[in-house]
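Taking it in order: structure first as structure tokens, then the write-up.
The values are calculated or read from the model by the stated rules, or taken from the named source; none is laboratory data. On a predicted model such as this, the values are computed, not experimentally measured, just so you know. Cβ placement follows ideal geometry from the backbone for every residue including glycine, while neighbour counts extend to all protein chains displayed.
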Amino acid sequence: MTELPLEHGMELYVQDGVLLKSASASHLSDVNTTGTLGIVEYLNTNGTRFIEWKRTDITVDSEIQDQEWAVVNTIGQRARTLSGSSQPSAEQTTKRVIRLNTREMKSFRLARNSHLISFTNKDGSPHSSFFFQHGNGDRFISALKELLPTIPSRKDRNLYLIVDHPDTQVLGRSFAELDLFPGNTSDFVWKFVKNFPNRPYETTMEAFSKLTDIVYRGPDQRYMDEEVVDLLNRSLTNIDETTSTQTQGEFEVVAHVPKPPPLPPRPVLPRGCPLTLEQWRSFQDDEGRIHDVERLKEIIFRGGITHAIRYEVWKYLLNFYPWDATHTEKEQLHRTKVEEYFTMKLQWRSMTTTQENNFSDYRDRKSLIEKDVNRTDRTVEFFAGNNNPHLQLLSDILMTYVMYNFDLGYVQGMSDLLSPILCLMANEVEAFWCFTGFMEKVGHNFDLDQAGMKEQLMQLHTLLAFVDPELTRYLDEHDSGNMFFCFRWILVLFKREFSQHDIMRLWEVLWTDLPCKNFHLLISIAILDTEKEKLIGRNFGFTEILKHINDLSQHIELQWMIAKAEGIYQQIITASHLTNAVRSILGVELVPEEFTNGTSRPSHKDNHEETENHLDEERSTHEQESIQENVVESESETIRFHPDSEVAFNRSIDLTYY
């Protein structure tokens, strides 16, 4: 226990009517007595914050007791100025004040009934516990989460861990030196560390974007402290000691990657034409069922979907309708979904102000949605202008999703995923159910403990090490081996990197799940491969890489990247040294370990050659007639451009996936 003069403290938050339930031996006489529980910052301890309980000896009349025990939230307003006759003696202070230094705390836990909070020391031993007599412990927890660097435990949702302060000190000092943020820099840093697991969008797209803008565009051309670089690089891997990746352990960057055998030549694969209305109708029988779904998906993967029928086809890709549903079944299903949607919407629309005030999680999510909606795609015509009714639709759908999946609720970035869907559907119910289908595919990106994001960044590193060991070594040696600069790409599936038209095309290609699982990671590798010369040639470090990747937004040629990513896939699966680790990431069948040493592995090459003549016959007449005569030479292949800006190659279309 740290003893400090009380006259140097500032009460940031205080709550009355809190019963001491357990304490150290020196305070046993105060157990089961009532006091105030607060958060205090002392000016002579470099901003150290303490949890303090003070015994109350004043008897409160029962008629006004509720008022006296009401929460008093006086952040930054109320100073401890104990002077004159009211100042207690040292003996009284020691007896009546329990002070917990948050730097010496490991965690705190709020019981499920929100009545009892317990604090634990760094060594794991219990410190003290307090009982909230009116069951308002959740309000104190909310204050702690705002004022202390805390994160929820993955194993116990009622347990909160205190983030180590040395990291926040490094960030605080460096952000203060860069003069990036107004007000109390340490408060911003604590919020940064606290919000990273459940608000990744806020920390990566706002704080980091602002950071890189200042570092590179500020008048002084200032650079980050090396300790800050180290902290940002470690933030995905050790911010929560209870978190581990689900399948492959913690992500570790290998400093030196042994040089593997070379990959086979990268094939130049074609891009085709979008799925047309005529083709779409040809896949439907008289009762409305969709047949030959795999062939349909191959066409969509090869060229996307004509915008005129996108509204209808997306409903199947996003599980609004099953592929084998008849017209009658779809009509019934649509009615059911409308009823379910408005039932859920009524749940939050009918919530009273009192209910909201007593439901902090709901209130926080509603506030976050309101903020995000007002800044989502405002340059897109569908959402442009003041008092745009489409913004209200966007908000209503997200609020209803909170009721649909309250365990996940709303996380920043979801509005970006919903926006193109709502623009296309222009229908509240249909947009909602398509959005839920999309979230089923990418919901793991928004896990509270960020396990899904960690795993994907680790997988991206593994794939890149297999495809391009040189670039991987360079990133490892320049503080970028955790692939953190790709965080935004994966979190919102490239939403910020492409135009509205292009992101629709990319998403529908990815929704086919062809040619493999995790094809979006190969898109990332294709982009990095394109930028490799600049990254290495200009000797970019962590901050330069981060800025360069951010600046690629709206400057990436989508069709080239998809074609290159598929070529990389073909390189990988035909490699003689293909490992089971890479196979697992791509969803390729695993083989016994004795076949992964590069000497006796089953090959895909023979199957590829056997099917090539058949695939030539499969190429549609429509695709052949639609190619213009605009020719560009690249890598000894003749490349032609389709009128709809699709890239097609003067080569047979390979629609076989392994």
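A few points about this structure:
- Close pairs (7 angstrom Cβ cut-off, 6 or more residues apart or separate chains): in the same structural domain as GLU557 (by TED's automatic domain parsing) in the stretch 486-497, assigned to a loop (DSSP other than H, G, I, E, B) and hydroxyl-bearing (Ser, Thr, Tyr) anywhere: ARG496/SER553; GLU497/SER553
- Close pairs (9 angstrom Cβ cut-off, 6 or more residues apart or separate chains): under 16 Å from TRP433 (Cα atoms) in the stretch 339-357, part of a helix (DSSP H, G or I) and polar (S, T, N, Q) anywhere: TYR341/THR400; PHE342/THR400; MET344/THR400; LYS345/THR400
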